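Inspection log for the structure reproduced underneath, given as structure tokens.
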Amino acid sequence: MSGRLLILRTLGTKSSPFWSTLIPSRTFGTSKILNNNYQTLKKVFDDEKFFNKFHKKDVVGLFKNECLSSPGALIDFSKDSLVISKKLVSDMLDIHNENDKLTYIKKLDQLSDILCRVIDVAEFIRNGHPEQAWTDAAQQVHEICYEYMNQLNTNVELYTTLKDILEDKTITSKLTEEEIKVGEYLKEDFEKSGIHMDNESRNQFVNLTQEISLIGANYSNGINSLDSYWCAVEKYEFEKIQNSALQNDILRYQSKVPQEMKKANPNSVFIPLADYIPYSILSDCSYEPIRRKVWIAYHNSSKDQIQLLNAFVKYRAVLAKMLGFDSYAHHQLQYKMAKTPENVMAFLTKIQNSLLDPKNNEDGNGLINEIKSLYKYKDDADFSLTNEEIFNEIRPWDRDYLLHKWTSDQHENLQDIRPFLSVGTVVAGLSKLFTSIYGIELIAEPASKGETWDKQVRKLKVFDVDNNKILGYIYVDFWSPKVYPSHFTIAGSRKLNTDIGTESLELTKSQAQLDETDTYQLPIISLVFNFQKNTSLFKTEPSLLTLDQVETIFHEMGHAMHSMVGKTDLQNLSGTRAVTDFVELPSVLMESFAKDPRVLCDIAEHYLTGEKLTPELLQQHQNHRVLLYKTEIFMQSKMALLDQYLHNSDTVEVIANNFDHFDTTPIYHSLESKSKIFTDNWSTWHGKFLHLFSYGSVYYSYLLDRAIADKVYKGLFEHDPWNRQAGEKYKQSILKWGGTRDPWICLADALDNKDLAPGDSKSMEIIGSDFS
């Protein structure tokens, strides 16, 4: 489960908004307290000896939840929470008067929070905890809770009571806008679970949903599977590999080749599609035919994987029809920013047309120029060719080879930038930035024994300097051996229900961290990264970061700050619990700050000398990182189009006419044939596209939020990324609302552009034009 919402105190009137007042934009430098905190932050992350003395000695449960003291306690916590949930459900459905109806949505949100408090922490433990006993317990909790969740999702009485309340104007007139919004959101969730169907149809729907989930899990587990793990090449082709060390490594693998393969291809050498070998061939081998064979083999999914993809696409089409939608895309997009598949297609088409428009390449930085720059490294480059002919000349198996030659030219004698980017420097710099634009500071706080899942985890208090309030807590592990960079919501913001008698303050305080007044549950966020930790004998050097890693930290911290600023009375729409195609905006926007030399050169300093990072060195490294930036956007748009094609109404018709023999591969190749950049008519790479399942028909969100973030950054922070007025306007128009306000209205307010408010195809095209 997840939730989302945020309403902050209004800081000014419409005629005189808070951000229009003249606030000094960078007063933090004069504060001794803030400077001391800045130095402490750096030392907590960069100085291991200092950090080891930083802990509290008392013992508490994970995230200060007394019920999370051990794996067994986690299981008990889940069982006790189910008991509390069942009692709350019983009380909710025992309606005697108007007050019972007026508090129904609050109780439903409380029910959601009780379960989220268990499910979200179990999900985090399953993914991020280093101890097997904890992950095993979390898996057990996951199974216990989801069984009960399925019961709730099919509880007709809960649904009909909510529906009746939302249709009763005498009741809704006395509810807050937030309560109505959450009620409508939960009603939508019920209906997506088939609650409004008759018993037989609902049972079929539930079975179909479970089947899709099972198939999807198997698909996700198989994304690295190949049709074959060996690529046969002729001996004369093998001799074309100029790297003798690579040749020797390939020859050492020959004893492992299956005998039946050797018999079928007696004159071949078999290239293993494992370890570094395929990457080396694709980036270093000058002989194109061998690159072609390796690329196709390495991008061919297993036949079983394609069958799994075919299956869940088919079943999703059936599910959408059962719910009365033209396609799965129509079903998924109904309550998203994009609203319809047609709007998504308008947006993606606009992106591709803009990127391919010669007018948008006149400054030398467009997609066409990127492809031409790549093409000049081709041995037989012919610059008399047209753009279209050059596009056709560069095949998918040429990309890495040509890019390697290009980057080798760019990277000669480049000074290492990492000593300027220690972990502590970046975190302290983020605090400096947040203080400047939001009036919010990150403060290192000692953690108690048992409060974190690993000794290396740091705890940050997020503090509102202007209002002298704690906004929440962030637990950070930069060196996890298990998890790719991830953001986990452990708890969302919520006002307690002690005033209506359904919640015990004493019990809640034992399970959650509350604000100073014991009125609100504070958001708890976990950020986990997999960076390399300094393991030198004396550990005098801090962990040093690349620009990509810095950008990743800024991205995930954008999610965290959304959760912190998004304070709401109900948790279902708090913080990051907004619609899928809007929730990435705050994180992607933070990437723009990470790229801005006025930010990075201000906060980055050499960990030994204190020397500031120069704009010149930063620019050299950034140039190296973005050689194919517009091309990558185009490739993302192709992937998003595939996601739409597989889930649209045309595919529903194809499935209806040929259900038993439906195949996604012709759809993939048909779309690729229309593409002009790195066209793939040979492989079954689409079976490796994980997000076809996890994001089904919503993969365009990455591009939409990147385009929105570009507009917001240019509209608010282009002149000064440290500006407090700009930060306050962004906070008040976008961050504070979470999922309680139409994202398009938020965006129209932030950019003072009324044409964005409708959120129609025109709005999508306006946003799509930013990628030119």
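The values are calculated or read from the model by the stated rules, or taken from the named source; none is laboratory data. In this text, all values refer to a predicted model and were calculated from it rather than measured experimentally. Neighbour counts are summed over all protein chains in view; Cβ atoms, including those assigned to glycine, are modelled from backbone coordinates with ideal geometry.
What's the number of the condition Val626 fails, among (1) of a type in the set (Val, Ile, Thr); (2) under 30 Å from Gln415 (Cα atoms); (3) in contact with a Leu (Cβ under 7 Å, 6 or more places away or on another chain)?
Val626 satisfies all of (1) of a type in the set (Val, Ile, Thr); (2) under 30 Å from Gln415 (Cα atoms); (3) in contact with a Leu (Cβ under 7 Å, 6 or more places away or on another chain) except (3).
Where residues in the stretch 413-454 are within 30 Å of Val59 (Cβ to Cβ) and over 26 Å from the mean Cα position of the chain (by Cα), which of them is surrounded by the most Cβ atoms within 10 Å (Cβ to Cβ)?
Going through the qualifying residues, I end up with Ala447.
Taking Met557 as the residue in question, decide whether it is at pLDDT 95 or above, touching a strand residue (DSSP E or B) at 6+ places or on another chain (Cβ under 9 Å) and either part of a helix (DSSP H, G or I) or not assigned by TED's automatic domain parsing to the domain that holds Asp189 (or both).
For Met557, the condition - at pLDDT 95 or above, touching a strand residue (DSSP E or B) at 6+ places or on another chain (Cβ under 9 Å) and either part of a helix (DSSP H, G or I) or not assigned by TED's automatic domain parsing to the domain that holds Asp189 (or both) - is met.
Checking the condition over 22 Å from the mean Cα position of the chain (by Cα), at negative phi, buried (at least 20 other Cβ atoms within 10 Å of the Cβ) and outside any helix (DSSP H, G or I), which residue from Asp663, Asp680 passes?
Among Asp663, Asp680, only Asp680 is over 22 Å from the mean Cα position of the chain (by Cα), at negative phi, buried (at least 20 other Cβ atoms within 10 Å of the Cβ) and outside any helix (DSSP H, G or I).
Looking at Ser408, Ser480, Ser436, can you tell me which residue is more than 19 Å from Leu522 (Cβ to Cβ) and in contact with a Ser or Thr (Cβ under 8 Å, 6 or more places away or on another chain)?
Selected residue: Ser436, the only one of Ser408, Ser480, Ser436 that is more than 19 Å from Leu522 (Cβ to Cβ) and in contact with a Ser or Thr (Cβ under 8 Å, 6 or more places away or on another chain).
For the stretch 622-634, which residues satisfy the criterion of being within 23 Å of Phe717 (Cα to Cα) and either surrounded by fewer than 18 Cβ atoms within 10 Å (Cβ to Cβ) or in the same structural domain as Val426 (by TED's automatic domain parsing) (or both)?
Gln622, Asn623, Arg625, Val626, Tyr629
Only residues that are in a helix (DSSP H, G or I) and either surrounded by fewer than 17 Cβ atoms within 10 Å (Cβ to Cβ) or touching a Ser or Thr at 6+ places or on another chain (Cβ under 8 Å) (or both): list them for the stretch 598-616, please.
Arg598, Cys601, Ile603, Pro615, Glu616
Filter the stretch 489-511 for residues that are in contact (Cβ under 8 Å) with a residue 12 or more places away in the chain, touching a helix residue (DSSP H, G or I) at 6+ places or on another chain (Cβ under 7 Å) and either part of a loop (DSSP other than H, G, I, E, B) or not charged (D, E, K, R) (or both) and give the result.
Thr489, Ile490, Ala491, Gly492, Ser493, Leu496, Asn497, Ile500, Thr502, Glu503, Leu505, Gln511 - these are the residues of the stretch 489-511 that are in contact (Cβ under 8 Å) with a residue 12 or more places away in the chain, touching a helix residue (DSSP H, G or I) at 6+ places or on another chain (Cβ under 7 Å) and either part of a loop (DSSP other than H, G, I, E, B) or not charged (D, E, K, R) (or both).
With the requirement that a residue be assigned to a loop (DSSP other than H, G, I, E, B) and either in contact with a Pro (Cβ under 8 Å, 6 or more places away or on another chain) or among the small types (Gly, Ala, Ser) (or both), what does the stretch 349-368 give you?
Scanning the stretch 349-368 gives Gly364, Gly366.
Quick check on this structure: which one of Lys187, Lys169 is over 28 Å from the mean Cα position of the chain (by Cα) and free of Cβ contacts under 8 Å to residues at least 60 places away in the same chain?
Only one candidate qualifies: Lys169.
Of all residues in the stretch 276-303, which are in contact (Cβ under 8 Å) with a residue 12 or more places away in the chain and in a loop (DSSP other than H, G, I, E, B)?
The answer is Cys285, Ser286, Tyr287, His299, Asn300, Ser302.
For Gln39, are the conditions met, namely being loosely packed, with under 14 Cβ neighbours inside 10 Å, modelled with pLDDT of 80 or more and part of a helix (DSSP H, G or I)?
Yes; evaluated as a whole, the condition is true for this residue.
Do any helices (runs of 4 or more DSSP H) lying entirely in the stretch 71-133 carry at least 1 residues that are closer than 23 Å to Gln513 by Cα and touching a strand residue (DSSP E or B) at 6+ places or on another chain (Cβ under 8 Å), and which ones are they?
104-128
Sort out which residues of the stretch 304-348 are on the phi < 0 side of the Ramachandran plot, part of a loop (DSSP other than H, G, I, E, B) and not acidic (Asp, Glu), and write them in order of number.
The answer is Leu323, Phe325, Ser327, Gln334, Tyr335, Lys336, Met337, Ala338, Thr340.
With respect to Asp518, is the statement that it is at positive phi, in the same structural domain as Ala447 (by TED's automatic domain parsing) and not in a strand (DSSP E or B) true?
yes
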